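Engineer: First the structure, which I've put down as structure tokens, then a few questions once you've had a look.
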Amino acid sequence: MRPSLIHVALCITALVTRADDLQPPISVGQRVATCGHSFHVFTYRQVAEIAASAGLKHELAGLSSIGGSTVIKHWAVPEEKSAVKQVLKAGKADVLTLSPIWLPDEAIEQFVKLGIEHNPALRITVQEYWMPNDEYEPVYPLQTKKKVDHNATDLAKLRDATMRYAKDIEEHVKGINQRLGKGAVFIVPVGMAAVTLREKIVNGEAPGLKQQSELFRDNWGHALVPLQLLSSYCHFAVIYRKSPVGLPLPLDFRTLKDMSDDDKTKLNILLQQIAWDTVSAHPMSGIMK
């Protein structure tokens, strides 16, 4: 019998967030800054749209976008050229979202310290993203030229690889929080949500999607709209600690020309549910259930 998402989340780590780090849902718009690469930066705009559809006055506070970037590359940008560093030093962000390429990445902690110094209530999220090339090969520079047939990927092996990567993310984040003496850094488990969506596609349970390859625009794994929105729903759920289930169809669904309106509506609900199930089951997302 396949373990439930809750069982998986609890078993992949013994690193459980302390009870006093869990808080109720947030009902006021957040000021969000983002450092990221092409597997992450689209969430900056999409989460703002999702939040607006939920009646929240979400604010885009600052963006640092660098292709193929580790967090270290964003930290290396001089302050006068970094909108994110400037907004953090001014204490004008409530949330900072980061997406490392593998680990370790010591600049995560450097951004955390900078932000917390100027806004002790700042929350930082670290994205656990889906596996480039459908494998856990933590090397840099990235292996972008491999030939990958996403439809032939063994999803049991992919889930195992994602869980190993997730555990490494959790170990890193737990260490930062321990040194801070509080839980300020949280995880957005996008990779685990992506595996679940791919399982749904294979089982014929993802309306409008027939093949796993419909989630990607290339062999390496750049996301198309359904995977992008799944990721953005996961980020919304962590940032606002509330379910996206029932929110209206985002505008980006208009780009899915070969999908019926009925399938778009059903797929949107599925993406929302997978995101909430995955985030709310994760012990380091900060969700109170």
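The values are calculated or read from the model by the stated rules, or taken from the named source; none is laboratory data. Keep in mind it's a predicted model, so treat the numbers as computed, not measured. Glycine also receives a Cβ, built like all others from the backbone with ideal geometry; neighbour counts cover every protein chain displayed.
Engineer: Name the residue that is nearest to the chain's Cα centre (by Cα), counting only residues in the stretch 76-114 that are among the charged types (D, E, K, R), assigned to a loop (DSSP other than H, G, I, E, B) and closer than 14 Å to Ala61 by Cβ.
Structural biologist: Asp94
Every residue, every condition in (1) within 20 Å of the chain's Cα centre (by Cα); (2) under 20 Å from Gln273 (Cα atoms), yes or no:
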site: Ala152; (1), (2): no, no
site: Leu158; (1), (2): yes, no
site: Gly183; (1), (2): yes, no
site: Lys200; (1), (2): yes, yes
site: Leu215; (1), (2): yes, yes
site: Asn219; (1), (2): no, no
site: Cys234; (1), (2): yes, yes
site: Val238; (1), (2): yes, yes
site: Arg241; (1), (2): yes, yes
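Engineer: How about the stretch 1-75: which helices (runs of 4 or more DSSP H) wholly inside it have at least 3 residues that are more than 24 Å from Ala90 (Cβ to Cβ), in contact with a helix residue (DSSP H, G or I) (Cβ under 7 Å, 6 or more places away or on another chain) and modelled with pLDDT of 55 or more?
Structural biologist: Hits in the stretch 1-75: 42-53.
Engineer: Considering each residue of the stretch 185-225, count those that are of a type in the set (A, V, I, L, M, F, W, C), farther than 19 Å from Ile269 by Cα and out of contact with any strand residue (DSSP E or B) (no Cβ under 6 Å at 6 or more places or on another chain), and give that number.
Structural biologist: 2
Engineer: Moving on. What are the pairs, 6+ residues apart or on separate chains, where a residue within the stretch 113-128 that is more than 12 Å from Leu88 (Cβ to Cβ) has its Cβ under 6 Å from a residue that is assigned to a helix (DSSP H, G or I) and among the small types (Gly, Ala, Ser)?
Structural biologist: Within 6 Å, the pairs are Glu128/Ala166; Glu128/Gly191.
Engineer: In the stretch 160-201, what residues are among the charged types (D, E, K, R) and free of Cβ contacts under 8 Å to residues at least 60 places away in the same chain?
Structural biologist: Residues satisfying the conditions are Asp160, Arg164, Arg198, Glu199.
Engineer: When you look at His58, is it surrounded by 16 or more Cβ atoms within 10 Å (Cβ to Cβ), without any contact (Cβ under 8 Å) to a residue 40 or more places away in the chain and more than 25 Å from His222 (Cα to Cα), yes or no?
Structural biologist: yes
Engineer: If I ask for residues that are in a helix (DSSP H, G or I) and either modelled with pLDDT under 95 or farther than 28 Å from Gly55 by Cα (or both), which ones from the stretch 207-252 would you list?
Structural biologist: The answer is Gln212, Ser213, Glu214, Leu215.
A quick yes/no check of all residues on (1) closer than 27 Å to Ile287 by Cα; (2) in contact with a helix residue (DSSP H, G or I) (Cβ under 8 Å, 6 or more places away or on another chain):
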| position | (1), (2) |
| --- | --- |
| Leu96 | yes, yes |
| Leu103 | yes, yes |
| Gln127 | yes, yes |
| Leu142 | no, yes |
| Asp168 | yes, no |
| Lys174 | yes, no |
| Pro189 | yes, yes |
| Ala194 | yes, yes |
